[in-house]
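I have a structure here, written as structure tokens, and I will follow up with some questions on it.
The values are calculated or read from the model by the stated rules, or taken from the named source; none is laboratory data. In this text, all values refer to a predicted model and were calculated from it rather than measured experimentally. Positions of Cβ are backbone-derived with ideal geometry, glycine not excepted, and every protein chain shown enters the neighbour counts.
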Amino acid sequence: MTAFVENLPSLLASLIQSWDTNVLLITLASFLAWIAWRLAYNQLQMLVGKTSFQWDDLVLAAIKTPVSTLIWCWPATISIGFLLQDYTISKLNWLGTLKEILLIGIFLWIAIRLINNIEEYILEQRKRDETTVQAVSKIARLFFIVITTLTVMQTFGLSLSGLLTFGGVGGLVVGLAAKDLLSNFFGGMMIYFDRPFKVGDWIRSPDRQIEGTVERIGWRMTIIRTFDKRPLYVPNSIFSNIVVENPSRMQNRRINENIGIRYKDGGKVDVIVSDIKTMLTNHPDIDAKQTLIVNFNGFGPSSLTLMVYTFTKTVNWIRYHKVKQDVLLKIYDIIKQHDAEIAFPTQTIRLDPQHAGELPVKPL
């Protein structure tokens, strides 16, 4: 026992000197580091939870899983090197490259997770333009993916200047081969920049049979849900060649009606027109600041035509029809109040009393 105690310092020294070649100790160290990270993460989560600032929560949530993965994968590459060095005579330089790629991948993972968290947080506010937020998120993700790809290529020893030179020639070939794909891509970019519509808008085109609500604007195509609930997939390049109407951005909806009253009520036209105009001016759902016209507009085949032209305050389709119904019912009441009636198609037949009942003379 005494000899063991005397030899203990030397045993510990040899163990410490050989810890880096001991896979078991490396695994144990990784486990202890992971436990320490979990404890630190819980403490940080409690601290950021007490603040009203939300961005620290988003950053902490973004690094949680990538850091845990790094804690296990980085020592694993060291262990692989120690295990293989006894069985191979070749140099393990590729392990250094693998470690660099691991760090680059962890960085990209954190960046993508952070962008996704920020996108979800902003969209939850419901005060942001969903199309703009998604466009910025896609561009940010694409930026980090391109930078990461170029960095990985440089890690493998590829010359970026030669790659860019090859890309200039290859880009022309790819551009010719994938003309439609690129036109759709740049069409999507124009939609993001020009913003003729956004997700949730009701759009239609008089040039094509396109009408419905925009569900998603992708890099290649836009998904539109028609009013019969069918999905319509439209390539983005189409929107650069057609006229697109966006009824969702209307400021008002128009009521344009021609109402006919009987010819026998012609003496009451002036007062009926005046009362209808007064009613529309005082109506709470009619925008009196917009064009408002109520006039006797012409002589119809069987009626005197009154034109009613005005705009509602609402642009909601369902609400608009309720307001229109209320306006038409009030107009009907005004006509009835003046003992007049709305005309319907009629014909007047005049008979000559002198020749009444006579049969027509047949020609010989």
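Scan the stretch 271-295 residue by residue and report those that are of a type in the set (Gly, Ala, Ser) and under 39 Å from the mean Cα position of the chain (by Cα). Talk me through it step by step, then tell me what you get.
Taking the stretch 271-295 as the starting set, the residues that turn out to be of a type in the set (Gly, Ala, Ser) are 274, 288.
If the condition is that a residue be of a type in the set (Gly, Ala, Ser) and under 39 Å from the mean Cα position of the chain (by Cα), then ALA288 is the only one that fits.
Please state which of the following conditions ASN252 fails to meet, knowing it meets all the rest: (1) in contact with a Phe, Trp or Tyr (Cβ under 6 Å, 6 or more places away or on another chain); (2) at positive phi.
All conditions are met except number (2).
Among the residues of the stretch 134-159, how many are under 13 Å from ILE112 (Cβ atoms), in contact (Cβ under 8 Å) with a residue 12 or more places away in the chain, surrounded by 14 or more Cβ atoms within 10 Å (Cβ to Cβ) and of a type outside the set (Ser, Thr, Tyr)?
4
Here is a follow-up. Please give the number of the condition GLN209 fails out of (1) among the polar types (S, T, N, Q); (2) buried (at least 16 other Cβ atoms within 10 Å of the Cβ); (3) modelled with pLDDT under 90.
Only one criterion is unmet by GLN209, namely (2).
Is there any pair linking a residue in the stretch 249-274 that is in contact (Cβ under 8 Å) with a residue 40 or more places away in the chain to one that is assigned to a strand (DSSP E or B) and exposed (fewer than 13 other Cβ atoms within 10 Å of the Cβ), with Cβ under 9 Å and at least six apart or on different chains, and which?
Here the result reads ASN258/GLY298; TYR263/PHE299, each pair linking the stretch 249-274 to a residue that is assigned to a strand (DSSP E or B) and exposed (fewer than 13 other Cβ atoms within 10 Å of the Cβ).
Moving on. Filter the stretch 279-316 for residues that are of a type in the set (D, E, K, R) and in contact with a Lys or Arg (Cβ under 8 Å, 6 or more places away or on another chain); which is surrounded by the most Cβ atoms within 10 Å (Cβ to Cβ)? Reasoning before the result, please.
Here is the first cut: in the stretch 279-316, the residues of a type in the set (D, E, K, R) are 285, 287, 289, 313.
If we keep only those that are in contact with a Lys or Arg (Cβ under 8 Å, 6 or more places away or on another chain) as well, we get 285, 287.
Details: ASP285: 14, ASP287: 17.
Residue satisfying both the conditions and the ranking: ASP287.
Considering only the stretch 304-330, how many residues are part of a helix (DSSP H, G or I), of a type outside the set (D, E, K, R) and under 30 Å from the mean Cα position of the chain (by Cα)?
Step one: filter the stretch 304-330 for residues part of a helix (DSSP H, G or I), giving 317-330.
From the residues that got through so far, the ones that are of a type outside the set (D, E, K, R) too are 317-318, 320-321, 323, 325, 327-329.
If we keep only those that are under 30 Å from the mean Cα position of the chain (by Cα) too, we end up with 317-318, 320-321.
So the count comes out to 4.
Filter the stretch 163-195 for residues that are at pLDDT 60 or above and small (Gly, Ala, Ser); which is nearest to VAL214 (Cα to Cα)?
GLY188
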